[in-house]
Amino acid sequence: MADGKHFVDKHRLDLIRRVSNISPILDELYDNGVVDQEVYDRIRALPTFQDKMREIYRCSMNAEKAKDIFYKSLSANEKFLIEELLTKK
């Protein structure tokens, strides 16, 4: 956390616009119980990466643990984007 905001909250717009490797991230959210099967299927069916990211935020980013799991998955699957955002003020 920086400035009292979790990384995934602070960089929400950039993440929605720029994350493209969503399938493994969504799989990890499902495997860790952050999203259930219904939400998982609904997100997978959405047409664009941006729509999928918005729905991930809408459905599952309401608890710190969920945000931590999401951040860990983003770090593994979107390494260079996360590194860039970490250096962004």
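The values are calculated or read from the model by the stated rules, or taken from the named source; none is laboratory data. All values derive from a computational prediction rather than experimental measurement. Cβ atoms come from the backbone with ideal geometry, glycine included; neighbour counts cover every protein chain shown. These area figures cover heavy atoms from the full protein model, side chains too; ligands, DNA and RNA do not enter into them. Shrake-Rupley method; radii C 1.70, N 1.55, O 1.52, S 1.80 Å.
What is the distance, in nm, between label points placed 7 Å from the Cα along the Cα-to-Cβ direction at residue 18 and at residue 80?
1.1
Which Cα, out of 8, 74, 46, lies furthest along the positive dipole direction of the chain (beta carbon charges, K/R +1, D/E -1)?
Positive-most Cα among the choices belongs to 8.
Looking at the chain, what % of the alpha carbon pairs are farther apart than 23 Å?
Of all Cα-Cα pairs in the chain, 14 percent lie more than 23 Å apart.
Send over a whole-number figure in Å² for the accessible area per residue of the chain, probe 1.4 Å.
Each residue of the chain exposes 61 Å² on average to a 1.4 Å probe.
Extension gain residue 51-residue 87, at 0.36 nm per residue separation less the Cα-Cα distance, in nm?
Result for the pair: 10.4 nm of gain on full extension.
Using only alpha carbon pairs under 8 Å that are at least six residues apart, calculate the relative contact order of region 23-76 and give it in whole percent.
44
Can you work out D for region 1-44 in µm² s⁻¹ from Stokes-Einstein, where Rh is the Kirkwood radius over C-alpha pairs, the temperature is 20 °C and the viscosity is 1.002 mPa s?
183
When the helix-only estimate is applied to the chain (DSSP H runs of n ≥ 4, each -39,500 (n - 2.57), divided by the residue count), what is the mean residue ellipticity at 222 nm, nearest 500 deg cm²/dmol?
Mean residue ellipticity at 222 nm (helix-derived): -21000 deg cm²/dmol.
Multiply the residue gap between residue 9 and residue 27 by 0.36 nm, knock off their C-alpha separation, and tell me the result in nm, one decimal place.
4.4 nm
Only helices at least 15 Å long along their own axis, judged from Cα atoms, and with Kyte-Doolittle mean hydropathy of 1.6 or greater: name those in the chain from DSSP H.
none
Which percent of the accessible heavy-atom area of the chain goes to carbon and sulfur, probe 1.4 angstrom?
Ligands and nucleic acids excluded, carbon and sulfur reach 49 percent.
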